[in-house]
Each structure stands twice: as structure tokens, then as C-alpha cells.
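Notes to accompany the following structure.
The values are calculated or read from the model by the stated rules, or taken from the named source; none is laboratory data. Keep in mind the model is a prediction, meaning the values are calculated, not measured. Glycine gets a Cβ as well: all are built from the backbone with ideal geometry, and neighbour counts include every protein chain shown. All accessible areas refer to the heavy atoms of the entire protein, side chains included, with ligands and DNA or RNA removed. Shrake-Rupley method; radii C 1.70, N 1.55, O 1.52, S 1.80 Å.
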Amino acid sequence: MSSRDLILDRVRKALTDASEVPEPSRDYLTSHTPDDPAVIVDLLAANLADYRARVHRTDENALPDLLARLLTERGTKSVLVPSGLPEGWLAKSDATQVADRPASTAGELDEVDSVVTGCALAIAETGTIVLDAGPDQGRRRITLVPDHHICVVRTTDQIVA
């Protein structure tokens, strides 16, 4: 008899007189945050600020102006753009747009001043921004190599408690 069989045999013998295990309770909270969109957005902003992220609020129509202003204030001359970034987001920016290419080396990415991406999801209670390499986010490395990353979070459909 192998060691594995010996152990399993002992477990089976120990369980012969055991009572049925009750089903675990699943009535726990999935969130500690009230189900109020304004509270959730404020909580995300506060938790992101704890991580020293700068949070700017705007609507979809004013987003191109905000992105252009942030890039200009940073002195951005070149901005890395994932292939699926909505076309209008950088329409007002004077920075040279650099397309994300799989062949780009870390050195080439390091020469870019900024990157603008979307996100998959934002979690308010933890201040977590989830990037899943979606079309508006690009590859993971483009969010890590440039020194300046602007991540757009759409409040209506991307923030969860």
C-alpha cells in the first residue's frame, strides 16, 4: 500500500461515524457600501487619493479638454495610445500620439511621456483599478513603463462598491 493510499484509508475510517456537514451560510455582505452611486463614486475618489492618485471629475463631453489640459500641464510631448482608445478622447491634445505596437521595446515605451487608457472596472472600497488588457487599455507593459498614466474610469458602468 502506498503512502497516499494509507493516508486516504485513515481519512475514510475517521469519517465513517462523522455526521453530515451542514451547508455553509452564504448570507454575508458582498459590500459594506450603501447602494448609492454618488457614495460609491466619492468612496472610490477618496481611496484613490489615499494612494496618491489625482482624481479629476468630468463628463464625457468635457473629457477631451480635461485630458488635453492634464497632458499639457505635465509637459507631455508624446502620448501612448492603445488601439481601442475611443477616438475623441485625445482630440484636443497637441501631444504626438504613439500607437501601441506589440513589437515596441521597453526602451521605446520609456521614451514616451504619458499613456492614456481606460479600465475594465474600479472597486470603490479598495480604491482598485482593474486593467484586463482590453482594447482601450492595451498591454500591461504600456501602463507600467511610461512615467505618467492617465486612466479614465467611466462612473456609470465601471465602478462597483
**OP:** Determine, yes or no, whether Pro102 is at pLDDT below 95 and either aromatic (Phe, Trp, Tyr) or at negative phi (or both).
**Re:** yes
**OP:** Taking Tyr28 as the residue in question, decide whether it is among the aromatic types (Phe, Trp, Tyr) and over 27 Å from Leu90 (Cα atoms).
**Re:** yes
Subject >> In the range 29-42, the residues that are under 19 Å from the mean Cα position of the chain (by Cα) and assigned to a loop (DSSP other than H, G, I, E, B) >> reply: Ser31
Subject >> Residues (open to solvent by 60 Å² or more (accessible area, probe 1.4 Å), in a loop (DSSP other than H, G, I, E, B) and under 14 Å from Leu80 (Cβ atoms)) located in the range 140-157 >> reply: Asp147
**OP:** Among the residues of the range 75-125, count how many are in contact with a Ser or Thr (Cβ under 7 Å, 6 or more places away or on another chain), open to solvent by 50 Å² or more (accessible area, probe 1.4 Å) and within 30 Å of Val39 (Cα to Cα).
**Re:** 1
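Could you grab me the full set of residues in the range 43-69 that are assigned to a helix (DSSP H, G or I) and among the charged types (D, E, K, R)?
Asp50, Asp65, Arg69
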Original post:
Would the range 64-73 turn up any residue that is over 21 Å from the mean Cα position of the chain (by Cα), open to solvent by less than 50 Å² (accessible area, probe 1.4 Å), closer than 16 Å to Pro146 by Cβ and free of Cβ contacts under 8 Å to residues at least 60 places away in the same chain?
Top reply: no
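Restricting attention to the range 47-57, does a residue exist that is open to solvent by 50 Å² or more (accessible area, probe 1.4 Å), acidic (Asp, Glu) and closer than 21 Å to Asp147 by Cα?
Yes, the range 47-57 has at least one match.
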Original post:
Out of the residues in the range 105-121 that are over 17 Å from Glu60 (Cα atoms) and of a type in the set (S, T, N, Q), which is modelled with the highest pLDDT?
Top reply: Ser114
